[in-house]
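Please read the structure below before turning to the comments.
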Amino acid sequence: QLQLVESGGGLVQPGGSLRLSCAASGFTLDYYAIGWFRQAPGKEREGVSCIRISDGRIYYADSVKGRFTISRDNAKNTVYLQMNSLKPEDTAVYYCAAERGLRIGIPTLRHEAYDDWGQGTQVTVSS
């Protein structure tokens, strides 16, 4: 079983930056991708970015392109989300999740495809 733990959230002013970490433990060799998602009160869970474990292929939601950067450190079993130029609308609980299985295809930002989830970390962007 894979366990995911997010960290790095906090309170920042608009225009500021945060770096989120997703540390994975357990069995990690049979996972296709790691994704970052967020959910704000009254809104659906939204895919932010994902990275394919095998080769590091990256995808971003349009809302964060140019501002957020996802990366991985396989030696540490950790995926990062560097968030720059933060906006109040980025305020949400951020979750990392793992899609189980090895497959051919495009990594997805649909939350229904992901199997294992962390508990989330709060990001608040406010003056």
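No lab work stands behind these numbers, since they all come straight from the coordinates. All of these numbers come straight from a predicted model, not from anything done at the bench. Please note: Cβ atoms are built from the backbone with ideal geometry, for glycine as well, and neighbour counts cover all protein chains shown.
Look at the alpha carbon pairs under 8 Å that are at least 6 residues apart: their mean separation over the length of the chain gives a relative contact order of 37 percent.
When the Gaussian network model of the chain links Cα atoms closer than 10 Å, the mean-square fluctuations of G56, G66, G35 top out at G66. If you take the charge dipole of the chain about its Cα centre, with +1 on Lys and Arg Cβ and -1 on Asp and Glu Cβ, which of L4, G101, V123 is farthest toward its positive end? Towards the positive end, the residue furthest out is V123. The length gained by stretching the chain between A23 and K76 to full extension, at 0.36 nm per residue less their Cα-Cα distance, is 18.3 nm.
Lacking any other cysteine beta-carbon closer than 4.7 Å, the following Cys residues of the chain have no compatible partner: C50. Rounded to the nearest 20 debye, the dipole size of the chain about its Cα centre is 260 debye, using +1 on the Cβ of Lys and Arg and -1 on the Cβ of Asp and Glu. If a paramagnetic tag sat 7 Å from the Cα of K87 along the Cα-Cβ line, which residues of region 23-42 would have the backbone N under 16 Å from that point? Zone members listed by number: 38-40. The equivalent ellipsoid of region 9-94 has semi-axes of 23, 13, 12 Å, largest first, where each one is the square root of 5 times an eigenvalue of the Cα gyration tensor. If you plug the beta carbon distance of R110 and R67 into 1/(1 + (r/R0)^6) with R0 = 25 Å, you get a FRET efficiency near 0.70.
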